[in-house]
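Taking it in order: structure first as structure tokens, then the write-up.
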Amino acid sequence: MKSISAIHHSYGTPSEVVNPEIIDVADAQKGQAIVKLLRAAINPSDLGMIGGSYGRLRPLPATAGREGVGEVVSVGEGVDSSWVGKIVKLPPEPGAWTQYQACDASELIEIPAGLPLDMCAMAFINPPTALCILDTFEDLKEGDWFIQNGAGSALGYFAIQMCKARGIKTVNMLRNADSKRDELMAIGADIVVDEAEFDAKQIKAQTEGKLRLGLNQIGGASVSNMIKAMGDSATIVTIGGMVGDPVRFPTRFLIFNDLRLRGFWWDKWQRTHSAEEVNQVYQKIFKMIADGTLKAPVDSVFKIQDIKQALERAQTNSRSGKVMIDGGF
């Protein structure tokens, strides 16, 4: 069958190097399933992979995209026919942004019935990252404080919502905070502060020195300010460096406050844990989607044949949520 795929033959500006191309997809072979794209999300990591700056790059030419959901339309020999019609997680390799792809049926992960399609399509990178950070680095209790920069991102939304469900209070740093303050407070944020107005001493006083865990997506001066607001023996976890500036760790806080600067990469976590452990994380995410704990705004939806316009939109700062890709059917 014919399939439209979002393919790039070089690394560069995503909206310039990615093009919709027609490819041939063979029928399902033994042990395989053919999955058609329903929804896929455009994430910063996708832009980094296309741009050539991500920690792991695909050989060229490459099909772009790492996250989404699809429907099983056919199966090959040895695969239970009951899979046909089920909604499943798209495999991240060789690339999610393609109308049809052949998958190893043994690796399919079924999406529970009745969950919102858009929310499920963004359930496999940012929510697991937020969950693992909250569960791995500090044993936060009800009433403890968590701080993050880049709080207006999808990851920021999920972290706020997970903390709210656990009774953990949050400080949320972002640029142009006034434009998103009401929205973040509505989903459970306790303090929303503009990066340009961040006062570490004031925040430390407001949180009574109980900021125990921080999430850094930005780098540079932003994380340096965050460090100064942390409580003793706290941990700051870096998952991104959007500004590209070095992270400068003030030595006195390392010595006198016993602060820790750590890193986390969901891709590596998956590779170093069993399939069962990874699936357990996904099941926790599905449960939080089902009970309404996790929600996220969608800015716009583009057909896969309009991938260049979708990427242009994803690269703008004016969007108000995640840009999604539709299978184009």
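Just so it is clear, none of the values below were taken in a lab; they were calculated from the coordinates. This structure is a prediction, so every number in the text was calculated from the model and none was measured. Glycine gets a Cβ as well: all are built from the backbone with ideal geometry, and neighbour counts include every protein chain shown.
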>> Tell me which trypsin sites (Lys or Arg not before Pro) from region 73-166 have a DSSP coil assignment and no more than 16 other beta carbons within 10 Å of their own.
In response: K86, K141
>> Can you give the log10 of the normalised intensity I(q)/I(0) at q = 0.14 Å⁻¹, computed with Debye over equal Cα scatterers of region 205-329?
In response: -0.95
> How big is region 116-196 by Rg and Dmax over its Cα atoms, in Å?
Replying inline: 12.4, 37
> When Lys and Arg each count +1 and Asp and Glu each count -1, what net charge do the other residues less than 10 Å away from D267, Cβ to Cβ, add up to?
Replying inline: +4
> Once both axes come from the Cα atoms, what is the angle between helix 154-166 and the longest principal axis of the chain, in degrees from 0 to 90, rounded to 10?
Replying inline: 60
> What whole-number value in cubic angstrom gives the convex hull volume per residue for the C-alpha atoms of the chain?
Replying inline: 130
> Is there a pair in K204/K268; K89/K169; K287/K322; K2/K268; K2/K322; K164/K268 whose C-alpha atoms are over 24 Å apart, and which pairs would that be?
Replying inline: K204/K268; K89/K169; K2/K268; K2/K322; K164/K268
>> For region 81-127, compute the orientation-averaged projected area of the C-alpha convex hull (one quarter of its surface), in nm².
In response: 3.9
>> Where in the chain is the longest stretch that carries no GluC sites (Glu not before Pro) classed as loop by DSSP and with at most 10 other Cβ atoms within 10 Å?
In response: 209-329
> Quick one: Cα centre-to-centre distance for region 261-329 and region 134-155, in angstrom?
Replying inline: 19
> Around A229, what is the net charge, scoring Lys/Arg as +1 and Asp/Glu as -1 over all other residues with Cβ under 10 Å from its Cβ?
Replying inline: +2
>> With a cut-off of 8 Å between alpha carbons and a minimum separation of six or more residues, what is the relative contact order of the chain in percent?
In response: 18
> What residue among G70, G214, G240 has the largest mean-square fluctuation in a Gaussian network model of the chain, using Cα springs under 10 Å?
Replying inline: G240
> Could you give the dipole magnitude of region 122-269 about its Cα centre, charging the beta-carbon of Lys and Arg +1 and that of Asp and Glu -1, in debye to the nearest 20?
Replying inline: 260
>> So if I place +1 on the C-beta of Lys and Arg and -1 on the C-beta of Asp and Glu, and nothing else carries charge, what would the dipole magnitude of the chain be about its Cα centre? I want it in debye, nearest 20.
In response: 560
> Which percent of Cα pairs goes in each bin when the distances of region 255-329 are cut into 10 angstrom slices starting at zero?
Replying inline: 15, 23, 35, 22, 5, 1
>> What number do you get for region 1-96 when its Cα radius of gyration is normalised by 2.2 N^0.38 Å, N = residues?
In response: 1.16
> For region 9-61, what is the relative contact order in percent, using Cα pairs closer than 8 Å and at least 6 residues apart in sequence?
Replying inline: 50
>> I'm checking a number: the convex hull volume of the Cα atoms of region 66-108, normalised per residue, in Å³. What is it?
In response: 65
>> Below 8 Å between Cα atoms, with a sequence gap of 6+, how large is the relative contact order for region 38-135 in percent?
In response: 29
> Given region 186-246 reduced to its alpha-carbon atoms as identical point scatterers, what log10 I(q)/I(0) does the Debye formula return at q = 0.26 Å⁻¹?
Replying inline: -1.22
>> Less than 13 Å Cβ to Cβ from G78, Lys/Arg counted +1 and Asp/Glu -1: what total charge do the surrounding residues give?
In response: -2
>> Which one, S3, I203, I218, projects farthest toward the positive side of the charge dipole computed for the chain from Cβ point charges (K/R +1, D/E -1)?
In response: I203
>> For the chain, take the longest principal axis of its alpha carbons; what is the angle in degrees between that and the long axis of helix 126-136, to the nearest 10 within 0 to 90?
In response: 50
